[in-house]
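Here is the structure we will look at.
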Protein chains: 2
Amino acid sequence: MIYKGIIHKYSELLDLPAYSITVSLNEGNTPLIPIPRLANELGGDFKLFIKYEGLNPTGSFKDRGMTAAISEAVGRNVKSVICASTGNTAASAAAYSARAGLKAFVLMPAGKVAAGKITGAIAHQAEVIQIDGSFDDALELVVKISDKHPVSLVNSINPYRIEGQQTGAFEICEQVGSAPDICCLPVGNAGNITSYWKGFRRFNEVKHTGLPQMLGVQAAGSAPLVLGEPVKNPETVATAIRIGNPARGEEALQAAHESNGRIISCTDKEILEMQSRLAQEGVWVEPASAAGVAGLKKEILLGNIDPKDKTIVAICTGHGMKDPDIIVNQAELKEPIPVGLDKLEEVIFSN
Amino acid sequence: MIYKGIIHKYSELLDLPAYSITVSLNEGNTPLIPIPRLANELGGDFKLFIKYEGLNPTGSFKDRGMTAAISEAVGRNVKSVICASTGNTAASAAAYSARAGLKAFVLMPAGKVAAGKITGAIAHQAEVIQIDGSFDDALELVVKISDKHPVSLVNSINPYRIEGQQTGAFEICEQVGSAPDICCLPVGNAGNITSYWKGFRRFNEVKHTGLPQMLGVQAAGSAPLVLGEPVKNPETVATAIRIGNPARGEEALQAAHESNGRIISCTDKEILEMQSRLAQEGVWVEPASAAGVAGLKKEILLGNIDPKDKTIVAICTGHGMKDPDIIVNQAELKEPIPVGLDKLEEVIFSN
């Protein structure tokens, strides 16, 4: 069967309205990459995989939910969509809206979005509206305006976003042969952990693939679900999870509880170290994406998780290209050398 | 069968040494995206698809050849690799070297590489060496140094790069059900057109899938194969094909000739217009990637190609995130607005 995107592949498992008109960029079908060296470093005797969601069409996991949300909106004959975004949702909404011929409005907190992300929304000709406020302010605004006007809200409050995002869990079960023992992932607005947990349960109902423990990981400076209360001014380098008041916080806590898992936090230092470590395995992810694996490492080192004989899948939600600045700002590029073999030999063999 | 990269899937069709040790990031398996609106604009009555190679692990088509080149190098017990690059090769070499535990050196022409590209190489901790010269100077240098020292050259002069890159053609034949009638793609160092033509022929031998016409497209300011001579100072916004003296120029001309196709050029303006047009279809590619489709449009409008009833596949070689600056520099972002529904309504409904 030729692959035609997640709605085409999983339509029977997704609760989408019959009036939906599929708008797809052949999203999903992302690789599950084994990371044996890191597993060995963390004690060995277990299987560690990355589900590399950065290889979706707009470079993040958001495309799975967006194809569903836009397909529903088009079927309803909506003409424009709106979302609040730290960047990934904006790029995805912009791309799928462009494909469907809809106008997309994206609200972003001014100055607090990674450069590589806002660019995607601009490339697809969405109207980018910066606001002098946080992501949470932006989310409140788009909820209000979509309540009042016929503009479809495509944040993960939109239930079809959750339906589509479930498919990441379906694919993992198919790729592993069952649900993994543990599934770790970053938690920002909490739509993704909600979706994965729903997806694992749905797939288990139909295919009896079992259920994983869910390990949700927030950034320490933006960890409302760990602290038990909203964070007024969330701060973290992991811009994709820089959210102080998650729209689906309750469901995230429930997913952790029901799956016998946890929601924890990692410092920015731990997150960036893991980003660098994963790049050494050949997988370059944006900072937020490294949070899941950083949290796993932390839990293993603390003795809270015994990985022995387990299969563990970490969801890496966005590609490293989404946030090039974080790399460039850490790098020191040497001065150019003149064209000549002698000089090149010197550079290469002087190490 | 669980997908495990192009060597695993197509090993029987690839001429790789038995001593190779597979190093993979599950590259390949990229989507073939239908672009019906643009096909209609260009006269209709034909099928147009984009093979979206930007969804390979490092964001470009280079990963297909790199998995093969690095697998061969590791099998030979090489400890370091080198390449000249306008960016995509560097990121790919860096990622696969990191995964294999090899040291990667990448030479880039100073100041002439897209920002999003050099970042990939840095992220994967390659040693980036800028030279005061062109890509062609860099290529000459890496050939010399790898002739003299045990450093494996992983530019597309490396025959295993060509072997691996063929798999793009294999996948297209499988996805379409046969070879397309026309395959259009950008031409820089000419390794890709060489590989695709080889791949279509190879697949046809085994699976009788037929052969396409190859339409290779260079940028007007960097079109040695159209001009019939090397270009000393190539100039184009499409940095990935800014190469004045292609390593596989002869083979590219042969591919065009044998397939009853052509190699033509497009202006930067035509390339950027097509980049923007494809983004409106939901597919954001780097400028060079738009060259193939820009060339197709040109040939159709000139009457050189009659698309009627044909199946046409355009290879889009790299993701738009590879070159965010080209978008950012064209964009005018409006001033942030204060948090408030009135102001947001004004912005949205004043259009």
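The values are calculated or read from the model by the stated rules, or taken from the named source; none is laboratory data. Worth saying up front: this structure is predicted, and the values here are computed from it rather than measured. Reconstructed Cβ throughout: ideal geometry from the backbone, glycine too, with neighbour counts over all protein chains shown.
Going by the structure shown, is residue B:84 of a type in the set (A, V, I, L, M, F, W, C), in contact (Cβ under 8 Å) with a residue 40 or more places away in the chain, out of contact with any Pro (no Cβ under 8 Å at 6 or more places or on another chain) and closer than 29 Å to residue B:50 by Cβ? It is true that residue B:84 is of a type in the set (A, V, I, L, M, F, W, C), in contact (Cβ under 8 Å) with a residue 40 or more places away in the chain, out of contact with any Pro (no Cβ under 8 Å at 6 or more places or on another chain) and closer than 29 Å to residue B:50 by Cβ.
Looking at the structure I just gave you, is residue A:193 in contact (Cβ under 8 Å) with a residue 40 or more places away in the chain, surrounded by fewer than 20 Cβ atoms within 10 Å (Cβ to Cβ), under 26 Å from residue A:233 (Cβ atoms) and out of contact with any His (no Cβ under 6 Å at 6 or more places or on another chain)? Please lay out each step first, then the result.
Values: in contact (Cβ under 8 Å) with a residue 40 or more places away in the chain: yes; surrounded by fewer than 20 Cβ atoms within 10 Å (Cβ to Cβ): no; under 26 Å from residue A:233 (Cβ atoms): yes; out of contact with any His (no Cβ under 6 Å at 6 or more places or on another chain): yes.
Answer is no for this residue.
Would you confirm, using the coordinates I've provided, whether residue B:107 is within 11 Å of another protein chain (Cβ to nearest Cβ), in contact with a Lys or Arg (Cβ under 6 Å, 6 or more places away or on another chain) and aliphatic (A, V, I, L, M)? First the steps, then the outcome.
Working: within 11 Å of another protein chain (Cβ to nearest Cβ): yes; in contact with a Lys or Arg (Cβ under 6 Å, 6 or more places away or on another chain): no; aliphatic (A, V, I, L, M): yes.
Considered against the rule, which asks whether it is within 11 Å of another protein chain (Cβ to nearest Cβ), in contact with a Lys or Arg (Cβ under 6 Å, 6 or more places away or on another chain) and aliphatic (A, V, I, L, M), residue B:107 comes out as no.
Of the residues B:304, B:260, the single one that is in the same structural domain as residue B:218 (by TED's automatic domain parsing) and on the phi > 0 side of the Ramachandran plot is B:260.
Inspect all residues belonging to the stretch B:301-313 and state whether any of them is assigned to a helix (DSSP H, G or I) and surrounded by 15 or more Cβ atoms within 10 Å (Cβ to Cβ). Show your work before the answer.
Filtering the stretch B:301-313 down to residues assigned to a helix (DSSP H, G or I) leaves B:301.
Of the ones still in play, those that are also surrounded by 15 or more Cβ atoms within 10 Å (Cβ to Cβ) are none.
No, because not a single residue in the stretch B:301-313 is assigned to a helix (DSSP H, G or I) and surrounded by 15 or more Cβ atoms within 10 Å (Cβ to Cβ).
Applying the criterion of being more than 16 Å from the chain's Cα centre (by Cα) and assigned to a loop (DSSP other than H, G, I, E, B) to the residues of the stretch B:245-284, the residue that is farthest from residue B:183 (Cα to Cα) is B:245.
Number of residues in the stretch A:199-222 that are farther than 25 Å from residue A:287 by Cα and either surrounded by fewer than 18 Cβ atoms within 10 Å (Cβ to Cβ) or not hydrophobic (A, V, I, L, M, F, W, C) (or both) equals 9.
Tell me the residue from B:278, B:296 that is touching a strand residue (DSSP E or B) at 6+ places or on another chain (Cβ under 9 Å) and closer than 23 Å to residue A:90 by Cβ, please. Working first, answer last.
On the way: B:296 fails: closer than 23 Å to residue A:90 by Cβ.
Criteria check complete, one pass: B:278.
Restricting the stretch A:167-207 to residues that are among the hydroxyl-bearing types (Ser, Thr, Tyr) and assigned to a helix (DSSP H, G or I) leaves a set whose member that is farthest from the other protein chains (Cβ to nearest Cβ) is A:194. For beta carbons closer than 8 Å, sequence separation of 6+ or different chains, a first residue in the stretch A:123-138 that is at the interface with another protein chain (Cβ under 7 Å from one of its Cβ atoms) and a second that is among the charged types (D, E, K, R), the qualifying pairs are A:128/B:334; A:129/B:334; A:130/B:334; A:130/B:335; A:131/A:137.
Return yes or no: is residue B:142 within 14 Å of another protein chain (Cβ to nearest Cβ), part of a helix (DSSP H, G or I) and either in contact (Cβ under 8 Å) with a residue 40 or more places away in the chain or out of contact with any helix residue (DSSP H, G or I) (no Cβ under 7 Å at 6 or more places or on another chain) (or both)? Steps first, answer last, please.
Working: within 14 Å of another protein chain (Cβ to nearest Cβ): yes; part of a helix (DSSP H, G or I): yes; either in contact (Cβ under 8 Å) with a residue 40 or more places away in the chain or out of contact with any helix residue (DSSP H, G or I) (no Cβ under 7 Å at 6 or more places or on another chain) (or both): yes.
For residue B:142, the condition - within 14 Å of another protein chain (Cβ to nearest Cβ), part of a helix (DSSP H, G or I) and either in contact (Cβ under 8 Å) with a residue 40 or more places away in the chain or out of contact with any helix residue (DSSP H, G or I) (no Cβ under 7 Å at 6 or more places or on another chain) (or both) - is met.
Is it the case that residue B:273 is surrounded by fewer than 24 Cβ atoms within 10 Å (Cβ to Cβ), in contact (Cβ under 8 Å) with a residue 24 or more places away in the chain and out of contact with any Asp or Glu (no Cβ under 9 Å at 6 or more places or on another chain)? It is false that residue B:273 is surrounded by fewer than 24 Cβ atoms within 10 Å (Cβ to Cβ), in contact (Cβ under 8 Å) with a residue 24 or more places away in the chain and out of contact with any Asp or Glu (no Cβ under 9 Å at 6 or more places or on another chain).
Need at least 1 residues that are at pLDDT below 95 per element, so show me which helices (runs of 4 or more DSSP H) inside the stretch A:1-102 make the cut, counting only ones lying wholly within it.
On the way: elements: A:6-10, A:36-41, A:62-75, A:88-100.
In the stretch A:1-102, A:88-100 are the helices (runs of 4 or more DSSP H) which contain 1 or more residues that are at pLDDT below 95.
Inspect all residues belonging to the stretch A:178-185 and state whether any of them is in contact (Cβ under 8 Å) with a residue 12 or more places away in the chain, out of contact with any Phe, Trp or Tyr (no Cβ under 7 Å at 6 or more places or on another chain) and surrounded by fewer than 21 Cβ atoms within 10 Å (Cβ to Cβ). Within the stretch A:178-185, one or more residues are in contact (Cβ under 8 Å) with a residue 12 or more places away in the chain, out of contact with any Phe, Trp or Tyr (no Cβ under 7 Å at 6 or more places or on another chain) and surrounded by fewer than 21 Cβ atoms within 10 Å (Cβ to Cβ).
Hey, any hits in the stretch B:50-71 for a residue that's more than 21 Å from the chain's Cα centre (by Cα) and either on the phi > 0 side of the Ramachandran plot or free of Cβ contacts under 8 Å to residues at least 24 places away in the same chain (or both)? Talk me through it step by step, then tell me what you get.
Of the stretch B:50-71, the ones more than 21 Å from the chain's Cα centre (by Cα) are none.
No, the stretch B:50-71 contains no residue that is more than 21 Å from the chain's Cα centre (by Cα) and either on the phi > 0 side of the Ramachandran plot or free of Cβ contacts under 8 Å to residues at least 24 places away in the same chain (or both).
From the list A:230, A:287, the one residue that fits, being at pLDDT 95 or above and either more than 16 Å from residue A:189 (Cα to Cα) or over 17 Å from the mean Cα position of the chain (by Cα) (or both), is A:230.
Given the structure, is residue A:329 over 13 Å from the mean Cα position of the chain (by Cα) and within 14 Å of chain B (Cβ to nearest Cβ)? Criteria met by residue A:329. Check the stretch A:40-58 and report whether any residue there is surrounded by fewer than 24 Cβ atoms within 10 Å (Cβ to Cβ) and either over 26 Å from residue A:314 (Cβ atoms) or aliphatic (A, V, I, L, M) (or both). Looking for residues that are surrounded by fewer than 24 Cβ atoms within 10 Å (Cβ to Cβ) and either over 26 Å from residue A:314 (Cβ atoms) or aliphatic (A, V, I, L, M) (or both), one finds at least one in the stretch A:40-58, hence yes. In this structure, does residue A:107 turn out to be within 22 Å of the chain's Cα centre (by Cα) and not in a helix (DSSP H, G or I)? Yes; evaluated as a whole, the condition is true for this residue. Checking each residue in the stretch B:335-351 for being among the charged types (D, E, K, R) and at the interface with chain A (Cβ under 7 Å from one of its Cβ atoms) picks out only B:345.
Within the stretch A:334-343, is there a residue that is over 30 Å from residue A:92 (Cβ atoms), in a helix (DSSP H, G or I) and either under 23 Å from the mean Cα position of the chain (by Cα) or not hydrophobic (A, V, I, L, M, F, W, C) (or both)?
Taking every residue of the stretch A:334-343 in turn, at least one turns out to be over 30 Å from residue A:92 (Cβ atoms), in a helix (DSSP H, G or I) and either under 23 Å from the mean Cα position of the chain (by Cα) or not hydrophobic (A, V, I, L, M, F, W, C) (or both).
Yes/no matrix, rows are residues, columns are (1) modelled with pLDDT of 95 or more; (2) aliphatic (A, V, I, L, M); (3) out of contact with any helix residue (DSSP H, G or I) (no Cβ under 7 Å at 6 or more places or on another chain):
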{"position": "A:110", "(1), (2), (3)": "no, yes, yes"}
{"position": "A:130", "(1), (2), (3)": "no, no, yes"}
{"position": "A:156", "(1), (2), (3)": "no, no, no"}
{"position": "A:160", "(1), (2), (3)": "yes, no, no"}
{"position": "A:165", "(1), (2), (3)": "yes, no, no"}
{"position": "A:182", "(1), (2), (3)": "yes, yes, yes"}
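Is there a residue being touching a Phe, Trp or Tyr at 6+ places or on another chain (Cβ under 9 Å), away from every other protein chain (no Cβ under 14 Å) and within 16 Å of residue B:168 (Cα to Cα) anywhere in the stretch B:45-66? Looking through the stretch B:45-66, at least one residue is touching a Phe, Trp or Tyr at 6+ places or on another chain (Cβ under 9 Å), away from every other protein chain (no Cβ under 14 Å) and within 16 Å of residue B:168 (Cα to Cα).
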